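The values are calculated or read from the model by the stated rules, or taken from the named source; none is laboratory data. The structure displayed is predicted, hence computed values, not measured ones. Methodologically, a virtual Cβ is constructed for each residue, glycine included, from the backbone with ideal geometry; neighbour enumeration extends over all protein chains shown.
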Amino acid sequence: MTNAAATEPVAISTGEPATTVTRGTVLIVLASFCFGTSGPLVKPAMDAGLSPQQVASFRIGLAAALLLAFVAVTRPRLLRLRRSDLPLLVGYGLVGVAAVQLLYFAAVSRIPIGVAMLLEFTSPVLVALWVRFVRRVVLSARMWVGTALALLGLAMVAQVWEGLRLDTFGLLFGVASALCAAAYFLIGERGVSTIPPLGLVTWGMVVGAVAIAVVTPPWSLPGETMTATAEFAGLAVPVWTLLVTCAVVSTAAAYLLSISAMRYLPANVVSVLAVCEPIVATVLTWLALGQTLAPVQVLGAAVLLAGATVVQLASRTPKVVLVGDAVQPTVG
């Protein structure tokens, strides 16, 4: 006689505690705020005459130098590398730091910024597809609905229909930036399982800075532009102070908070919650640079936040694994 208890699937709760989910959510929201400050900070610098590539080179180069000096003084043991970690660190730095920045700026140079932003922030869908079909983890319907709502809200905030024009290379650059952004979340999630977040971000930033320096050396920035003043929040602010703030807040702190969030939440959840960044960027641009918000952007922000909330709540739901003939790991 077959033992029914032995063959019947058994549900096992593998969900993360609510406090862990909350901690990860707070970290990625703070990271999104920090990332979102980059646009309002660097736009006056670019209006003053700096190219997007020069801005990226400076912000990543300075962030790498500051992180390296801070870690060397406070926690030098984090700078010790294991040979087995080198491929991951190089991949994280080249793809998640350098390539995603350069490809996004390349897309912006050829297609409207709203379209480029939407393309880059399709990365949550790519991460979800990887988790579903490569890792064979079943994602709940709420996770997919929340992701779709977040992307719809993003499209409304970015107003992608404004000045839309087709440019093959621009679209390719945008799609490539999305692939790199997805790789950033997946590599970061894997990295924090063996490397402390501070060490991972520091070495990743160093690798990214070296890679971008090959294309645009930070020392090539014109001194007269760096010392010139630009208007920010109604004040005349030196360009170099905007770039230094961007390097500290929008780069070093943002990457560290984002990677730290992956210690508490899976990559697919973090990537969706990260789409709050365009809301922060849009609101800060309105406050600091005086650019107005259209009603559709306000509505889009609400839709985006609703989608992010659905994903966040889904991540609190205990995951169920069926043990027996029907083994189905689930998330959300």
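Residues of the range 128-137 that are more than 18 Å from Leu304 (Cα to Cα) and crowded, with 17+ Cβ neighbours inside 10 Å: Trp130, Val131, Val137. Has the range 200-210 got at least one residue that is under 24 Å from Val125 (Cβ atoms), assigned to a helix (DSSP H, G or I) and either among the hydrophobic types (A, V, I, L, M, F, W, C) or free of Cβ contacts under 8 Å to residues at least 40 places away in the same chain (or both)? Looking for residues that are under 24 Å from Val125 (Cβ atoms), assigned to a helix (DSSP H, G or I) and either among the hydrophobic types (A, V, I, L, M, F, W, C) or free of Cβ contacts under 8 Å to residues at least 40 places away in the same chain (or both), one finds none in the range 200-210, hence no. When the range 129-169 is limited to residues that are charged (D, E, K, R) and in a helix (DSSP H, G or I), the one that is farthest from Ala274 (Cα to Cα) turns out to be Arg132.
Scan the range 170-192 and give yes if some residue there is modelled with pLDDT under 85, in a loop (DSSP other than H, G, I, E, B) and surrounded by fewer than 19 Cβ atoms within 10 Å (Cβ to Cβ), otherwise no. Looking through the range 170-192, none of the residues is modelled with pLDDT under 85, in a loop (DSSP other than H, G, I, E, B) and surrounded by fewer than 19 Cβ atoms within 10 Å (Cβ to Cβ).
Is the range 28-36 home to any residue that is of a type outside the set (A, V, I, L, M, F, W, C), closer than 20 Å to Leu103 by Cβ and over 19 Å from the mean Cα position of the chain (by Cα)? Checked the range 28-36: no residue is of a type outside the set (A, V, I, L, M, F, W, C), closer than 20 Å to Leu103 by Cβ and over 19 Å from the mean Cα position of the chain (by Cα).
Condition check ((1) at pLDDT 90 or above; (2) under 22 Å from the mean Cα position of the chain (by Cα); (3) of a type in the set (Val, Ile, Thr)) across all residues:
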residue: Thr7; (1), (2), (3): no, no, yes
residue: Ala11; (1), (2), (3): no, no, no
residue: Ala18; (1), (2), (3): no, no, no
residue: Arg23; (1), (2), (3): yes, yes, no
residue: Leu81; (1), (2), (3): no, no, no
residue: Leu88; (1), (2), (3): yes, yes, no
residue: Tyr92; (1), (2), (3): yes, yes, no
residue: Ala98; (1), (2), (3): yes, yes, no
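For the range 193-208, a residue qualifies if it is surrounded by 21 or more Cβ atoms within 10 Å (Cβ to Cβ) and hydroxyl-bearing (Ser, Thr, Tyr), and exactly one does: Thr202. For the range 235-293, filtering for residues that are assigned to a helix (DSSP H, G or I), over 19 Å from the mean Cα position of the chain (by Cα) and either among the small types (Gly, Ala, Ser) or modelled with pLDDT of 85 or more (or both) leaves 7. For the range 100-117, the set of residues classified as over 15 Å from Thr168 (Cα atoms), modelled with pLDDT under 80 and crowded, with 23+ Cβ neighbours inside 10 Å consists of Met117 only. Residues in the range 139-156 that are hydroxyl-bearing (Ser, Thr, Tyr) and surrounded by 19 or more Cβ atoms within 10 Å (Cβ to Cβ): Thr147 alone. Is it true that Ala128 is in contact (Cβ under 8 Å) with a residue 40 or more places away in the chain and under 18 Å from Gly36 (Cα atoms)? The answer is no for Ala128. Just one of the listed residues (Val331, Val310) is at pLDDT 75 or above and under 25 Å from the mean Cα position of the chain (by Cα), and it is Val310.
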